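The values are calculated or read from the model by the stated rules, or taken from the named source; none is laboratory data. Here the structure is a predicted model, which is why all the values come from computation and not from measurement. Note that we place each Cβ from the backbone using ideal geometry, even for glycine, and neighbour counts take in every protein chain shown. Keep in mind that these areas ignore ligands, DNA and RNA; they rest on the heavy atoms of the full protein, side chains included. Shrake-Rupley method; radii C 1.70, N 1.55, O 1.52, S 1.80 Å.
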Amino acid sequence: LVQFGVVMYSFRLPFYDGPIVLADLAPLVTVLWLVGMTQAINLIDGLDGLAAGIVAIAAFAFFLYSQELTDSDLLDVRNIGPLLAIIAVGVCIGFLPHNFNPARIIMGDGGALFLGLGLVFVLVGTMRLVQEEWSRSATGSLSWLAYLITMLVAVALLALTVTRIKKSTLNRQPK
């Protein structure tokens, strides 16, 4: 993605005025964001239906927000990001009935990594197109979408960690 110019040039933090410009670190931060998000989706695939559910929620939130950006003329109507996001929602919702406990089909590493990569690509690729408008806008902030997706993944990772710790302590107790 970085080779094709899809990089995060800046981002915003809550309670901090103005964007944080990455300048020379933009390719590195983009690659770290991509690897981190794809691995996060891969890690939460350990529980039945969790990865598909989280990606469906995140992609739908992105789709709704991109529609708001389109209505505000900050995002071109020809942008393919919202279409890919709603396709990801459909794929995940179609997969969920087969992946609930007990799972008849598992997503596996290939599916989880593909969903994570797709989510990052849609988010970074679309948001870079509205980067200049976003930086100039005093009221418009795209940062809540990144926080929403990050928080969804963080909660899922926390649930996975607690579950794995609980299972490992139960297996070590003498009978």
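Kindly establish whether Ala51 is open to solvent by less than 20 Å² (accessible area, probe 1.4 Å), in contact with a Leu (Cβ under 8 Å, 6 or more places away or on another chain) and under 17 Å from Thr126 (Cα atoms).
Judged against the criteria, Ala51 is not a match.
Quick check, is Ile105 surrounded by fewer than 15 Cβ atoms within 10 Å (Cβ to Cβ), more than 21 Å from Ala154 (Cα to Cα), over 18 Å from the mean Cα position of the chain (by Cα) and β-branched (Val, Ile, Thr)?
For Ile105, the condition - surrounded by fewer than 15 Cβ atoms within 10 Å (Cβ to Cβ), more than 21 Å from Ala154 (Cα to Cα), over 18 Å from the mean Cα position of the chain (by Cα) and β-branched (Val, Ile, Thr) - is met.
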**Message:** Suppose we filter region 83-94 for residues that are over 14 Å from the mean Cα position of the chain (by Cα) and at pLDDT below 90; how many remain?
**Reply:** 1
**Request:** Could you please find all residues in region 1-46 being open to solvent by 70 Å² or more (accessible area, probe 1.4 Å), polar (S, T, N, Q) and modelled with pLDDT under 75?
**Result:** Gln3
**Asked** Is region 22-30 home to any residue that is in a helix (DSSP H, G or I), under 18 Å from the mean Cα position of the chain (by Cα) and touching a residue at least 60 places away in the same chain (Cβ under 8 Å)?
**Response** yes
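Out of region 34-56, which residues are without any contact (Cβ under 8 Å) to a residue 60 or more places away in the chain and not aliphatic (A, V, I, L, M)?
Matches in region 34-56: Gly36, Asp48, Gly49, Gly53.
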**Unmet requirement for Ile80, which otherwise passes all of (1) of a type outside the set (D, E, K, R); (2) closer than 30 Å to Ile165 by Cα; (3) modelled with pLDDT of 80 or more** = (2)
**Request:** Select from region 104-135 the residues that are of a type in the set (Gly, Ala, Ser) and modelled with pLDDT of 80 or more and list them in ascending order.
**Result:** Gly108, Gly110, Gly111, Ala112, Gly116, Gly118
**Complete:** Selection from region 68-109 of residues β-branched (Val, Ile, Thr) and outside any helix (DSSP H, G or I) yields Val77, Ile80, Ile105, Ile106
**Prompt:** For region 110-131, does any single residue satisfy the condition of being touching a residue at least 12 places away in the same chain (Cβ under 8 Å), surrounded by fewer than 20 Cβ atoms within 10 Å (Cβ to Cβ) and outside any helix (DSSP H, G or I)?
**Reply:** no
